[in-house]
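Here is the structure we will look at.
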Amino acid sequence: AQSVTQPDIHITVSEGASLELRCNYSYGATPYLFWYVQSPGQGLQLLLKYFSGDTLVQGIKGFEAEFKRSQSSFNLRKPSVHWSDAAEYFCAVEDGSSASKIIFGSGTRLSIRP
Amino acid sequence: KAGVTQTPRYLIKTRGQQVTLSCSPISGHRSVSWYQQTPGQGLQFLFEYFSETQRNKGNFPGRFSGRQFSNSRSEMNVSTLELGDSALYLCASSPKEGWSLVVPEAFFGQGTRLTVV
């Protein structure tokens, strides 16, 4: 069965520092991969998605992610974080059996140190 | 273009009662999915509707049900509420109609926060 693992529950980085959030997936074929962000009390907003092609994907708010098939990873990066980036980040994969179900990781909470 | 609208935003119910949550998708989107988010279990898929038909269902008891109307609006119902049903319920709409070379994006509403006391 498809699954997504986010090994870091909580990360704190200083404002202006670079960020990398880890994500590993388990999927038999080429996965549809996503990163979503959730601010407190809010719904989910899509940051970026990967289906095929270029393994480096650019998203909104200055985020990017790199798909590495050999490592089954889809890590999210940002060169310089802003205080407004503090939120919960979810890596997700679309379930291949139905094309209608998204499987989410457990999330990584990002805190920004002033 | 209006986003996904979920009503109500907050709800408090008593154990044993039933509740109905509503989701209005983005105009033109025919697929609506529901998710439950809790601190312990994270985000879990409940079910998906497309053109008034349930297309997929997650691993939830039969107390959780849903439906979709001809205008794509969807409702989910939880009967005989339990304390463990307290959660943020998120609805997502998508223009997807099945497998496509274009990766569809699911747009999420802000959710309904259900508290069962």
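List nothing, just return the count: lysine pairs in the protein assembly as shown, 8 or more apart or interchain, with Cα separation under 21 Å.
Pairs that pass both the separation and distance tests number 12.
Mind listing the phi-derived Karplus ³J(HN,Hα) values for segment B:38-46, rounded to whole Hz, using 6.51, -1.76 and 1.60 with θ = phi - 60°, and x for any glycine or proline?
Running phi through 6.51 cos²θ - 1.76 cosθ + 1.60 with θ = phi - 60° gives 10, x, x, 9, x, 8, 10, 6, 9 Hz.
Inside 10 Å of the C-beta atoms of B:39-45, what's the mean count of C-beta atoms belonging to other chains?
If you average over the peptide's residues, the count of other-chain Cβ atoms is 4.
In whole Hz, what ³J(HN,Hα) sequence does segment A:72-79 give by Karplus (6.51, -1.76, 1.60; θ = phi - 60°), x for Gly and Pro?
6, 10, 8, 7, 9, 9, 8, x
For the protein assembly as shown, taking Cα atoms only, what is the radius of gyration to one decimal and the Dmax to the nearest whole Å?
Rg, Dmax (Cα atoms, Å): 17.6, 51.
Label B:Val117 and B:Arg9 with points 7 Å out from Cα along Cα→Cβ: what is the distance between them in nm?
Calculated label separation equals 2.0 nm.
Could you please tell me the mean projected area of the C-alpha convex hull for chain B, averaged over all directions and given in square nanometres to one decimal?
7.1
Each residue of segment A:24-35 in turn: what ³J(HN,Hα) in whole Hz from Karplus with 6.51, -1.76, 1.60 and θ = phi - 60°, glycine and Pro shown as x?
10, 10, 10, 7, x, 10, 5, x, 8, 10, 9, 10
Ignoring ligands, DNA and RNA, what accessible area per residue does segment A:31-96 give at 1.4 Å, in Å²?
41
Compare B:Gly40, B:Gly28, B:Gly62 in a GNM of chain B, Cα atoms joined below 10 Å, and give the one with the largest fluctuation.
B:Gly40
Quick one: how many Å² of A:Arg22 are accessible to a 1.4 Å probe, rounded to 10?
Near enough 110 Å² of accessible area.
Please list, in chain and number order, the residues 5+ apart from B:Ser86 or on another chain whose amide H is under 5 Å from its amide H, with Hs placed from the backbone.
For B:Ser86, whose amide H was placed from the backbone, the distant partners under 5 Å are B:Val116.
Relative contact order for chain B: what is it in percent, counting Cα pairs under 8 Å that are at least 6 residues apart?
Here the relative contact order equals 36 percent.
The values are calculated or read from the model by the stated rules, or taken from the named source; none is laboratory data. Just so you know, these numbers come straight off a predicted model, no measurement behind them. Cβ: placed from backbone, ideal geometry, glycine included. Neighbour counts: every protein chain shown. Ligands, DNA and RNA are stripped out before the accessible areas are found, and what is left, the full protein with its side chains, is counted by its heavy atoms. Shrake-Rupley method; radii C 1.70, N 1.55, O 1.52, S 1.80 Å.
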